[in-house]
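Engineer: What follows is a structure written as structure tokens; I'll ask about it next.
The numbers here are math on the coordinates, done by the rules we state, and not lab data. Given the structure is predicted, the values throughout are model-derived calculations rather than measurements. Counting neighbours? That spans all protein chains shown, and the Cβs are built from the backbone with ideal geometry, glycine included.
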Amino acid sequence: MEGYKIPIGQSIEALIDLLVDNFSFITKAFSNVTESGITILINIMMFFPPWLLILFFAGLAWFFSKKEGIAAFTLIGLVLIWNMGLWEPTVNTIALVLISTMFAIVIGVPLGIMAALNDIFYKIVMPILDFMQTMPAFVYLIPAIPFFGLGPVAAIFSTVVFSTPPAIRLTCLGIKQVPEELVEAADAFGSTKWQKLFKLQLPIATPTIMAGINQTIMLALSMVVIAAMIGAKGLGGEVWKAIQRLQPGRGFEAGIGIVIVAIILDRIMQRVGGKQE
Amino acid sequence: MHKISIENLYKIFGPHPEKALRLLEQGKTKDEIMQNTKHGVGVANASFYVDEGEIVVIMGLSGSGKSTLVRCINRLIEPTSGKVFVDNEDVTALSEEELRVFRQKHFGMVFQNFALFPHRTVLQNVEYGLEIQQTEPQERKERGMQAIEQVGLKGWEASYPSQLSGGMQQRVGLARALALDADIMLMDEAFSALDPLIRRDMQDELLMLQEEMQKTIVFISHDLDEALRLGDRIILMKDGVIVQEGTAEEILTSPANDYVVRFVEDVDMSKVLTAESVMVKPAEMAYYKTDGPKSALRKMKTAGISSIFVRKDRQLAGMVTAADAAEALKRGDKTLEHVMTENFDSVAPDTPANELFPLLADNNYPLAVVNEKNKLVGIIIKGSLLAGLAERGVS
């Protein structure tokens with residue numbers, strides 16, 4: 001059975017080589033733009049003293065959730081992170097998550113809309129999403145390196161690949177769930193496709209789309225941590241360092257930091273989505 | 001010239017309608033075609049017309065193709081073959097874009113389950129049709145409010161559909177279609193989801209609105225009672241085929257075949273001619289616990305009635321006449337206890353109408369219609385019974 005090996009691996013490598021050789025100007029451009037984006041975002045956040053930013057985040061949490069508990073948790077959690085000396089890596093992680101999520105939304109929501117409105121596209125996209133979501137996350141790290149080199153851009157690339165599927169899926173689901181009779185009513189009054197989309201389908205699908213974006217953020221966070229292996233800084237980097245230096249205490253501190261960030265992001269996003277109902 | 005004219009319309013559901021179409025022409029039935037080709041016959045060879053300002057009711061049981069037929073008129077469902085003309089313009093020949101504009105101009109539609117947009121307020125729902133035509137916001141609002149007033153929902157424009165009762169929601173649905181000022185209204189079982197009394201109110205209201213508006217209305221219904229009340233003409237459908245077309249009287253007095261006979265019989269006897277179908281809401285009620293002779297008398301005066309029913313513990317307790325109440329007031333009674341009489345007739349909701357005549361004939365007061373829990377569900381006065389029967393063309 002092993003006499004002839006079907007060249008799956010070789011073909012993929014050949015493909016990646018081909019892309020790297022011929023399209024590196026695109027990846028370079030993307031790399032430059034993204035990298036400066038990350039730098040600017042991190043610089044802005046590091047420009048303010050941590051306590052001010054912590055108050056700002058707590059205020060944001062209160063604004064979106066209207067719940068004192070969530071705001072208090074945000075305040076205490078971030079102060080704890082600051083106290084553990086993990087403020088800078090946390091800012092790094094948040095910046096990477098925000099930028100990845102932004103890319104994932106910009107790519108995912110329109111693709112989701114297209115999948116919902118076009119059956120053929122739906123049938124093509126869904127198996128690809130299944131594939132993307134079942135593939136172990138680590139695998140995405142490898143092709144990211146030849147395209148973007150070690151560093152935050154490669155991390156963002158693999159994070160976007162890993163975290164876009166739920167945005168596509170739930171946008172598609174949300175639009176397909178709009179009751180048939182409402183779509184029929186919009187048609188009966190002579191709506192154009194765009195009017196139908198923006199006045200009916202998207203508003204009704206918003207809670208579902210928000211749930212998808214919430215999942216996207218969570219996946220992005222988990223991937224940003226893993227991407228520490230290819231040179232993303234941040235809380236994942238701290239964990240990675242702790243593994244290499246066998247410092248369980250330090251590793252757990254960084255882990256707790258990740259959990260706190262995850263809970264804060266999740267609670268805020270859930271409220272943003274739930275409010276629409 | 002007819003306003004709407006449908007010629008030899010077919011609608012067959014399935015991937016290869018031509019095959020089913022040929023079988024239909026050979027005289028096969030809907031069931032045979034379903035078995036042989038797995039194609040569903042929605043509408044087969046339907047031809048009819050609707051004149052300007054006319055209400056035509058398309059009636060049939062569920063699955064008879066009536067909803068499909070009405071959707072073929074504005075091409076929400078694409079007809080398989082046949083022609084649809086509106087104002088002599090061939091709707092089936094319009095391009096997608098032309099059709100969209102044509103719908104905006106000519107068709108208002110009201111749906112069985114209201115199909116209101118849940119994320120929009122009443123006013124925003126009503127404005128929807130104008131909004132997509134890019135009407136100026138100011139004019140849009142004016143026309144929207146006017147339509148809301150027409151259906152009696154003034155003051156509710158900022159509410160969301162989920163805050164309204166079923167009857168009110170359908171008023172919004174009606175207003176949404178009216179605001180457009182389209183000349184044709186397609187109403188797909190518009191009142192079927194409503195309670196019987198509210199349905200009657202809505203029917204009356206539609207007839208009233210129709211008197212001023214003179215729209216061309218195609219109304220789908222499975223309810224003969226409703227068809228007889230509303231329709232200038234009635235079209236009866238069965239298995240996608242039009243079995244009879246005519247005025248209420250023609251359908252009742254000379255049914256075209258056994259199917260129509262059965263339809264008319266069933267519905268006629270059990271539904272059209274019962275106390276429930278001719279009763280009206282009492283104009284005013286007195287409450288035993290809170291009303292004395294004075295307030296009862298005032299209620300009767302403002303409502304313009306000469307007797308009033310009294311409710312106690314959610315049940316019908318008795319009746320008070322204006323004369324008795326006036327006397328009690330002179331005597332200085334504080335409650336209705338001594339003036340209340342049980343000297344009136346009450347009937348069950350399913351009492352046939354022919355039994356109501358003798359009761360009303362030797363009685364000057366309304367008949368009370370009470371349910372099995374002795375709750376007053378409506379009253380019958382001579383006028384309402386006669387009007388109800390006259391409308392139906394039955395004597």
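Engineer: Using a Cα-Cα cut-off of under 19 Å, which lysines could be cross-linked to A:Lys176, ignoring same-chain neighbours fewer than 8 residues away?
Structural biologist: A:Lys123, A:Lys193, A:Lys196, A:Lys199
Engineer: Any chance you could count the Lys pairs in region B:6-130 whose alpha carbons are under 21 Å apart, treating pairs 8 or more apart or on different chains as valid?
Structural biologist: Eligible lysine pairs with Cα atoms under 21 Å apart amount to 17.
Engineer: Looking at the protein assembly as shown, what % of its DSSP beta bridges pair antiparallel, to the nearest 5?
Structural biologist: Values: 32 of 55 bridges.
Among the beta bridges of the protein assembly as shown, antiparallel pairing accounts for roughly 60 percent.
Engineer: Then there's this: Using the number of other C-beta atoms within 10 angstrom as an exposure proxy, rank B:His39, B:His119, B:His16 with the fewest first. Mind showing how you got there, number by number?
Structural biologist: Numbers: B:His39 22, B:His119 17, B:His16 11.
Fewest to most other Cβ atoms nearby, the residues stand as B:His16, B:His119, B:His39.
Engineer: Also: Distance in nm between label sites at A:Val33 and B:Thr302, each 7 Å beyond Cα in the beta-carbon direction?
Structural biologist: Result for the modelled spin labels: 7.0 nm.
Engineer: Charges at C-beta only: +1 for Lys and Arg, -1 for Asp and Glu. How large is the resulting dipole of the protein assembly as shown about its Cα centre, in Debye rounded to 20? Could the numbers behind the result be given before it?
Structural biologist: On the way: 62 positive and 76 negative charges, 531 e Å.
It works out to roughly 2560 debye.
Engineer: Calculate the mean, over all residues of peptide A:178-185, of how many other protein chain Cβ atoms lie within 10 angstrom of the residue's Cβ. Before the final figure, lay out the partial values.
Structural biologist: Details: counts 1, 3, 1, 7, 7, 1, 7, 14.
Mean shielding by partner chains, rounded to a whole number: 5.
Engineer: Please name whichever of B:Thr29, B:Ile235, B:Phe117 sits farthest to the positive end of the charge dipole of chain B, dipole taken about the Cα centre and charges placed at Cβ: Lys and Arg +1, Asp and Glu -1.
Structural biologist: Result: B:Phe117, furthest along the dipole toward the positive end.
Engineer: Computed from the mean reciprocal separation of all distinct C-alpha pairs, what Kirkwood hydrodynamic radius does chain B have, in Å?
Structural biologist: Numbers: mean 1/r = 0.0424 Å⁻¹.
Result for chain B stands at 23.6 Å.
Engineer: Then there's this: Using only alpha carbon pairs under 8 Å that are at least six residues apart, calculate the relative contact order of region B:277-392 and give it in whole percent. Don't jump to the answer; show the numbers that get you there.
Structural biologist: Details: 176 pairs, mean separation 32.6, N = 116.
Answer for region B:277-392 is 28 percent.
Engineer: On to the next question. Any idea what angle helix B:196-213 forms with the longest principal axis of chain B, computed on alpha-carbon atoms, 0 to 90 degrees, nearest 10?
Structural biologist: 70 degrees
Engineer: Specify the residue with the greatest mean-square fluctuation among A:Gly236, A:Gly249, A:Gly37, computed from a Gaussian network of chain A linking alpha-carbon atoms under 10 Å apart.
Structural biologist: A:Gly249
Engineer: Between B:Gln315 and B:Leu197, with labels modelled 7 Å along Cα→Cβ, what's the label distance in nm to one decimal, could you check?
Structural biologist: 1.9 nm
Engineer: Which lysines, if any, have their Cα less than 17 Å from the Cα of B:Lys294, not counting same-chain residues under 8 positions apart?
Structural biologist: Answer for B:Lys294, where 17 Å is the Cα cut-off: B:Lys330, B:Lys334, listed by chain and number.
Engineer: Let's see if you can work this out: charge +1 on each Lys and Arg Cβ, -1 on each Asp and Glu Cβ, no other charges. What is the dipole magnitude of region B:4-247 about its Cα centre, in debye to the nearest 20?
Structural biologist: Values: 26 positive and 38 negative charges, 173 e Å.
In total the dipole reaches around 840 debye.
Engineer: A follow-up question, please. Going Cα to Cα from A:Lys233, which lysines come in below 22 Å? Please leave out same-chain ones fewer than 8 positions away.
Structural biologist: Once the sequence-local lysines are set aside, what remains near A:Lys233 is A:Lys28, A:Lys241.
Engineer: Select from B:Gln214, B:Gln163, B:Gln104 the residue whose mean-square fluctuation is largest in a Gaussian network model of chain B (Cα-Cα springs shorter than 10 Å).
Structural biologist: In the Gaussian network model the winner is B:Gln163.
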